[in-house]
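No value in this document is a laboratory result; all are computed from the given coordinates. Owing to the predicted nature of the structure, the values given are computational and were not obtained by experimental measurement. In this analysis, Cβ positions are derived from the backbone assuming ideal geometry, glycine residues included, and neighbour counts consider all displayed protein chains.
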Amino acid sequence: MNILFATSECAPFIKTGGLADVSGALPKALAKLGHDVRVILPLYEGIGEDWRSRMVFLQCYHVQLAWRTPYCGIFELRQDGVTYWFVDNEYYFKRSNIYGHYDDAERFAYFSRAVVESMGWLNWNPDVIHCNDWQTALVPIYLLEERHRIPQLAEAKSVFTIHNIEYQGRYGSDILKDVFGLNEGYLNEHMLAYHGDVNLMKGAIYAADYVTTVSPSYAEELQYSFYAHGLEGVIADNRHKLRGILNGIDTEVYDPWRDKGLVKFFSARQPGGKKNCKTALQHAVGLREAPDTPIIACVSRLVKHKGFDLVTAALHDIMSMDVQMVVLGTGDWNFEEAFRQAQAQYPGRFAAQMMYSPNLSTAIYGGADLFLMPSISEPCGLSQMIAMRYGTIPVVRETGGLKDSVIPYNQFTGEGNGFSFANINVQDMIWVLTEAIGLYHEDKKAWKNLMKNAMTADFSWSSSAGQYLEIYGWLTGK
């Protein structure tokens, strides 16, 4: 099967969040199953020379975007059985940040046109075009118009994945013709119209042949206004073609037995090296060396929907226990300031690392004992899976992918791979943290078994890739 994966970011080339991890790992898993997989993404300024030096120039042409005909160059790079196509246009993509510009609507409309039109120029026939989030939401809509004009698209089906419904691509309706090049017929309740504006994610949900989201629980949650951010009615209308598939992680990248970012390798069978990683972490972030004191870690954007209202409200209760704590991330100033103050108040026991650091995040996953992730909403979440892979036990709120991936510990059977609570409530979070810390201190054998359960849980992409192939096969008959 020929599968085209359209995405605005993809690891290891360019990354701001979990979408890049998915775009990097899922195509590789599909390719390993014997399919011809191509990934298409913008050639951003931030993609380094080490990658650019390996690219081959394929083709250039002019995209038709409303009244504009901007240049489009296609570069190719092959790696891990996947072909990557990079869309080159310096006017749109030679910028220091990949998102957050005044003309993002035009930039990603251009990219979506390039995705569709390039198939004719490259003479490649995709069976499925798999689009992701609002930046590629116009692809299924353009496909409706172009599949009859471009022979290579005649049989192509579209799949649209909602990674986070909070970001929908909502703009004033006046850009429909001038920027997107679409006629007013698309401004209707079963396509792009949304309270007088244009909503790109809404349009993609209606236009795509199938819609997925990144965990079964999130698919259920999207039927409620608390989680759907105004699109609950659209989700209800399209339930017949909606499915939640839990994301995986790249188990070759996240492997404590081979991760060169750790001071010592370890595994579920040979966990001894985690002690060395814990000591190294304490030295790195200024915590006292205390091998028998559990380290609670947070690695996240410091924003409200990640549950940091709960964390900051509970800080003094948490620090009243026999624990150390490290927080890595940036975000809202009030959370950053609360953590800086905690570091001053609890020297040697609390470390506030207000930065983005992949190297330090690896050290934290490898050296911490508990991973606190009390998200208000979490479509899938990858951090809890990565933490478990490194033997760091998650404490999460039961929402979205956190609910689907973290099985609560059962003290009677020894089953489970973490701890969880349901209500958005400080007391409930403290209760399960107390339970986890108590187990750590009081039953070392049970804790080791819990670590083993976490490290051996299967979060590879093989199962998820199989579910996507099931959808592709159903759509195409292949």
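Model label points for Arg243 and Asn125, set 7 angstrom from Cα along the Cα-to-Cβ axis, are 2.4 nm apart. Cross-link candidates for Lys274: which lysines have Cα within less than 19 Å, leaving aside residues fewer than 8 places away along the same chain? The reachable lysines, counting only those whose Cα sits under 19 Å from Lys274, are Lys260, Lys264, Lys444, Lys445, Lys448, Lys452. Can you tell me how the stretch 215-326 classifies by the Cα gyration tensor, rounded, prolate or oblate, using a/c under 1.5 as the rounded cut? In terms of gyration-tensor shape, oblate.
The alpha carbons of the chain occupy a box of 69, 46, 41 Å along the principal axes, longest dimension given first.
Peptides 4-11, 38-45, 188-195, ordered by how many other C-beta atoms sit within 10 Å of their residues on average, highest first, read 4-11, 38-45, 188-195. Applying both filters, DSSP loop and at most 13 other Cβ atoms within 10 Å, to the GluC sites (Glu not before Pro) of the stretch 266-346 gives Glu289. For Arg78 and Thr16, the FRET efficiency from 1/(1 + (r/R0)^6), where r spans their Cβ atoms and R0 equals 35 Å, is about 0.90. By the rule of a C-alpha distance below 20 Å, with chain neighbours fewer than 8 residues away ignored, the lysines paired with Lys241 are Lys157, Lys202, Lys478. Spin-label model, Arg68 to Gln427: label points 7 Å out along the Cα-to-beta-carbon direction sit 5.6 nm apart. Quick note on the stretch 316-438: its Rg to Rh ratio, both from C-alpha atoms and Rh being the Kirkwood radius, is 0.95. Annotation note: chymotrypsin sites (Phe, Trp or Tyr not before Pro) in the stretch 392-430 located in DSSP loop regions with a Cβ neighbour count of at most 11 within 10 Å are Phe412.
Counted by neighbouring Cβ atoms within 10 Å, the residues Ile393, Ile74 run from fewest to most as Ile74, Ile393. Helical runs assigned H by DSSP (4 residues or longer) give the chain a calculated mean residue ellipticity at 222 nm of -11500 deg cm²/dmol, each run adding -39500 (n - 2.57) before division by the residue total. Near the amide H of Phe371, within less than 5 Å, lie the amide hydrogens of Ala297, Ile393, Val395, all on another chain or at least 5 residues away, with H placed in the peptide plane.
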